[in-house]
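Remarks on the structure that follows.
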Protein chains: 2
Amino acid sequence: MKRSIATVSLSGTLEDKLAAAAAAGFDGVELFEPDLITCPLTPAELAAQMAQLGLELSLYQPFRDFEGVGEELLAHNHRRAERKFALMGSLGAEVMLVCSSVNPAAIDDDELAATQLRQLAERAAEHGIRVAYEALAWGRHVDRFEHSWRIVQAADHPNLGVCLDSFHILARGDDPQAIEKIPGEKIFFVQLADAPCLHMDVLPWSRHHRCFPGQGDFDLAAFMAHVLTAGYEGPLSLEVFNDVFRQSDPARTAVDAMRSLRLLEDRIARRDPRPSRSTPRWLASLAPAPALERYAFVELGVDAVSEPVVEGLLSALGFHQTGLHRSTQVELWRNGRAAVVLNRDRRTKSPHLTGVAQVTTLAVESPDPDCSVRRAEALRAPRLIGRRGPREVELPAIAAPDGVSILICPASDELDCGWLDDFIAPGLSHASELPLVDIDHVALSQPFERFDETRLFYRAVFGLEPRPGHELAAPDGLMRSQAFVSRGGRVRLVLNVPVVGAISPPAPDAHHVAFSCPDVFSAAETLRAGGVPVLAIGDNYYEDLASRLELPDELLVRMRELGICYDRDGGGEYLHLYTPLAGARLFLELVERRGGYDGFGAPNSVVRMAAQRASLRALGVA
Amino acid sequence: MKRSIATVSLSGTLEDKLAAAAAAGFDGVELFEPDLITCPLTPAELAAQMAQLGLELSLYQPFRDFEGVGEELLAHNHRRAERKFALMGSLGAEVMLVCSSVNPAAIDDDELAATQLRQLAERAAEHGIRVAYEALAWGRHVDRFEHSWRIVQAADHPNLGVCLDSFHILARGDDPQAIEKIPGEKIFFVQLADAPCLHMDVLPWSRHHRCFPGQGDFDLAAFMAHVLTAGYEGPLSLEVFNDVFRQSDPARTAVDAMRSLRLLEDRIARRDPRPSRSTPRWLASLAPAPALERYAFVELGVDAVSEPVVEGLLSALGFHQTGLHRSTQVELWRNGRAAVVLNRDRRTKSPHLTGVAQVTTLAVESPDPDCSVRRAEALRAPRLIGRRGPREVELPAIAAPDGVSILICPASDELDCGWLDDFIAPGLSHASELPLVDIDHVALSQPFERFDETRLFYRAVFGLEPRPGHELAAPDGLMRSQAFVSRGGRVRLVLNVPVVGAISPPAPDAHHVAFSCPDVFSAAETLRAGGVPVLAIGDNYYEDLASRLELPDELLVRMRELGICYDRDGGGEYLHLYTPLAGARLFLELVERRGGYDGFGAPNSVVRMAAQRASLRALGVA
């Protein structure tokens, strides 16, 4: 057995959890006792169900507040344990987790704890059960793993070992190097959890904010390297207490969990040097993530209401329709290297006054599409079928967690690269009055409850690197905005998500596609000359800009006239403008990066959101 | 002016916020600069709008990172300030908040800070503006209010004073007593925020988790007593950064804010001794909250599908129909002192297989209904109209935040108290085969985003006292469960709410009404004899109970046979059983309290929820 997950990491009934763990490919589960207590199945029925699903029961947990007690309580605790040993027998569980006592009355005496745990191990041995003693980070007297190991050493019984939980060790800031001093065969179990660095009390941090490896700030590959160097050969088991996962579809969460574990294994396998003593044979590395080169195109889904609006906008931005797709009713629009595919679903007409338009596909160029796909499949990214590409060959497509398709195209240096053959009469790019260079970035709004999954998805599957996040005080609530950028920097994706979920949420932020242009002022003037409106930005914004940045008056006046926003960082400047909303969920942006500006104009996003909200309200929509 | 609120405390556009603050009765607002920057109105238009709404602009905030800088940056900062002073002139704002610098490069030199702040105050004076200097709890060098006061003293300018923010002071654990050393006229502004004790970094704690006074753990009445003793005569202003409020209907949030402020004023006014020097005349106490004596009745709303199910359940629990309401189609059912009113809406038939039934009204007995109503009105609890009571006199009704009506009835020692006259032929209670005593408690599920408001509502309006909360690991997510109990202990209300919100939330937990009975075993046997099903509790629950509590085997066997759950605390025991769901959102409970048991069987709630979920799934609903 290799990969395990604690039932507490998943939502639903115990039966839901087992089904989800099995479907995601786990070999076993840790059975969290409250899940058993609320389950209507008998232990024997459960054991049968797990056998049918191909799941081992890797751990029964937790058994609490056992050690460091007086005689009377000890007798009660032994009786308590005997009943659980019998239960474990019916379940077919061989390892019990005993966590260090949190009882305020527990006696602070290592020798007593060792003696009592030895007695427990002796009784466990009679049932063929092994006891894994874990130091909770908030244990009354034993709250560090080295302390639990000293007690296990003193108890000196073959059926007593330690359980190591990465959260309890790393949240305390303990050096996991010392794990190597523990003989591998005395590490009875390893629980893995990541967590964001929250600088809060360790108990609520653990109970609410754990996440899967790679979703937080802990270095779990380093942690595991020490564990493997110690000689541990047991399962890697995910034990993640997370408020959001507890509410989410367990089948999705289990796949997310498996993805995180595969990525962790890859990182361990790629460490130099690899863990010294006993790297397990199963520790296989993944196909590497080829660095995505650029956006081949972005596909926009439009309905009968939004279609003419989006077409009008694309025309105004200098796009020309250059081809119809061979097999489906989609159109290719191009300006420079920027390509947009319009997918018209003429059957539907949204009930919104503004119609609905949104990003439906991101087509990205990979230098090695096969390798990209192999990696995606190994990381259990869902394959989509039915997407046709160059010369009617199917282009591989992956479903992102929010339902957007990621189409993997071969990279090409040519302006008319292979996949374009798929469009009838692609033609050359027309000379445009408003010349654009390429797609600068795409921004997608995300549901609150999938953000951890989504961030890991783009990092793990496509190797996009996260940039530091921003909090945006949008008019309808605080948003978190985080950018992901490919190595080489040309595929840039911004994800926006509400900071808290709500039962009656505000409308999600719109999707947008930003195009780079050589001169945003000239672009803005072309738009103005054509009578094309730009999202109106209020004077108060420019007044504040003047106060903060002391830009030249002339520049400020031109920006104000043309609705251009401004940001700068250590590397350079960012000048950009927004189109009005084209449908309730889409707008476009024109950006000019000067120098090495590396951001996305985040400080201006709230100004944009407020202006969009005002425009929707004027239409009677918001 | 007395009461103010910062625009950052409310959701929406600046115009939404102003309208909400005015409607809730605030006298003024603190203008949070980002709200201005994103606002399309000119400063003059805003000033006119505020005048029209009767709102003063009590503070312009924040001006950041001014002091402790070198010459060049100082010159820039003065130019920055000059533009803001001019803006404040257009807005009609007279006080600017300057918060202590968080710039890592700020110079740690109190004398320099004082000199520079004095210069700022001199320039402000030319515009008729006063500068309120605030120590942010995470300021680079100045992070405590006594430090900011030393600098203000050293600067010694009439247009420079301090701003005191309760969060920054109390979150650091500073003793607010020292506020009394500051002359009242040098306290230019007071910002009030409460917060739960979260033991986390002060900056994210402040930015995300502030709440209105009375919703957190700070003693703001004591804080304000020191402020008033110092001689402060300015506004009380709420500045609350809260992720949930930022997403919520601003009109509701503003009313919640006003309620919290009125309650705080009451608490200050009732302190003994009252603040010594200058208790403002406006500091008026509220009518006291009469201790609610008992539930007069609970009204259940049923539809055509759930009606026969609920009637069947009530009959099975020994209730008899004793009256029809004179003026509406409602029925009174009674058993002992327990009274349930069934409100049949025969027109609707819910799409659910199970129909919908839920608690719609809590009728509570007050020893002084007039006083209860005066207090509710002063605390801006929404009055409902059209509820008729005894002798066709309208009984006052209040809408709780979740929409449940609270009907205030006169207290009576008689079994047939006054309000029953309203039912035709109320009759006497029939002798019942299954004798009940009274309503033990009512439990209502609540939406995530209103929990702070709801807790304050029941505490402030009805004087219910909160008990320590529990977290319940329900099958569809973590829930928080908190009980509220009247003085005297006979009106008990349990609120259950998800710990996090989600965009696709699980079904809310059901409402339930628990009835006390003298002998739950005999009640259970009566039900069994009548063929009435009880919610099935699985064997694994009893096995765990046996292990944990070592109850006598005989007791365990009987409980298991009859579906009775068990809990105990220091005071006594709690034996209870649940009925099956009667409609998707309602079930009933029978409870027997032995000795001084003071809880609600919280450890058994998750077992109950899992069993209900299984029963719904069996019906194909969940």
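Points worth noting:
- A search for C-beta distances below 6 Å between a residue of the range A:182-204 that is over 11 Å from A:Leu228 (Cα atoms) and within 14 Å of chain B (Cβ to nearest Cβ) and any residue that is surrounded by fewer than 18 Cβ atoms within 10 Å (Cβ to Cβ) and polar (S, T, N, Q), counting only pairs 6+ apart in sequence or on different chains, returns nothing.
- Selection within the range A:561-581 - in contact with a Leu (Cβ under 8 Å, 6 or more places away or on another chain), of a type in the set (Ser, Thr, Tyr) and farther than 12 Å from A:Leu527 by Cβ: A:Tyr566
- Taking the range B:135-144 as the range and being touching a residue at least 60 places away in the same chain (Cβ under 8 Å) and not hydrophobic (A, V, I, L, M, F, W, C) as the test, the residues that pass are B:Arg140, B:His141.
- Restricting the range B:62-73 to residues that are surrounded by 18 or more Cβ atoms within 10 Å (Cβ to Cβ) and within 14 Å of chain A (Cβ to nearest Cβ), the residue that is nearest to B:Leu238 (Cα to Cα) is B:Pro62.
- Boolean, B:Glu592 is more than 14 Å from chain A (Cβ to nearest Cβ), of a type in the set (Asp, Glu), buried (at least 20 other Cβ atoms within 10 Å of the Cβ) and under 23 Å from B:Ser522 (Cα atoms): yes
- Checking each residue in the range A:380-402 for being out of contact with any helix residue (DSSP H, G or I) (no Cβ under 6 Å at 6 or more places or on another chain), part of a strand (DSSP E or B) and at pLDDT 90 or above picks out A:Arg383, A:Ala397, A:Ala399.
- Checking each residue in the range B:17-50 for being more than 30 Å from A:Gly563 (Cβ to Cβ) and more than 27 Å from the chain's Cα centre (by Cα) picks out no residue at all.
- Counting only helices (runs of 4 or more DSSP H) wholly contained in the range B:514-576, the ones carrying 2 or more residues that are within 14 Å of another protein chain (Cβ to nearest Cβ) occupy B:539-549, B:553-562.
- Among the residues of this structure, B:Ala582 counts as one that is touching a residue at least 40 places away in the same chain (Cβ under 8 Å), surrounded by 23 or more Cβ atoms within 10 Å (Cβ to Cβ) and touching a strand residue (DSSP E or B) at 6+ places or on another chain (Cβ under 6 Å).
- Qualifying positions in the range B:577-598 - within 18 Å of B:Ala611 (Cα to Cα) and in a loop (DSSP other than H, G, I, E, B): B:Thr579, B:Pro580, B:Leu581, B:Ala582, B:Gly583, B:Ala584, B:Arg585
- For the range A:1-16, the candidate set comprises residues that are more than 19 Å from the chain's Cα centre (by Cα) and assigned to a loop (DSSP other than H, G, I, E, B); within that set, the residue that is farthest from the other protein chains (Cβ to nearest Cβ) is A:Lys2.
- Filter pass, B:Asp266 being without any contact (Cβ under 8 Å) to a residue 40 or more places away in the chain and not in a loop (DSSP other than H, G, I, E, B): yes
- Checking each residue in the range A:17-32 for being assigned to a helix (DSSP H, G or I) and surrounded by fewer than 23 Cβ atoms within 10 Å (Cβ to Cβ) picks out A:Ala19, A:Ala22, A:Ala23.
- The requirement of being over 16 Å from A:His512 (Cβ atoms), surrounded by fewer than 18 Cβ atoms within 10 Å (Cβ to Cβ) and at pLDDT below 90 is fulfilled somewhere in the range A:607-617, by at least one residue.
- Conditions (1) under 20 Å from B:Lys84 (Cβ atoms); (2) buried (at least 24 other Cβ atoms within 10 Å of the Cβ); (3) within 9 Å of chain A (Cβ to nearest Cβ): number failed by B:Ile37: (2)
- Annotation for the range B:42-60: at least one member residue is within 11 Å of another protein chain (Cβ to nearest Cβ), acidic (Asp, Glu) and surrounded by fewer than 20 Cβ atoms within 10 Å (Cβ to Cβ).
- Filter result (within 14 Å of chain B (Cβ to nearest Cβ) and over 19 Å from A:Ile398 (Cβ atoms)) within the range A:436-470: A:Ser445, A:Phe448, A:Glu449, A:Gly469, A:His470
- Test: residue in the range B:191-203 that is within 20 Å of B:Ala124 (Cβ to Cβ) and either assigned to a helix (DSSP H, G or I) or under 26 Å from the mean Cα position of the chain (by Cα) (or both): yes
The values are calculated or read from the model by the stated rules, or taken from the named source; none is laboratory data. These numbers were taken from a predicted model, which means no experiment stands behind them. Cβ sites come from the backbone with ideal geometry, for glycine too, and all protein chains shown count toward neighbours.
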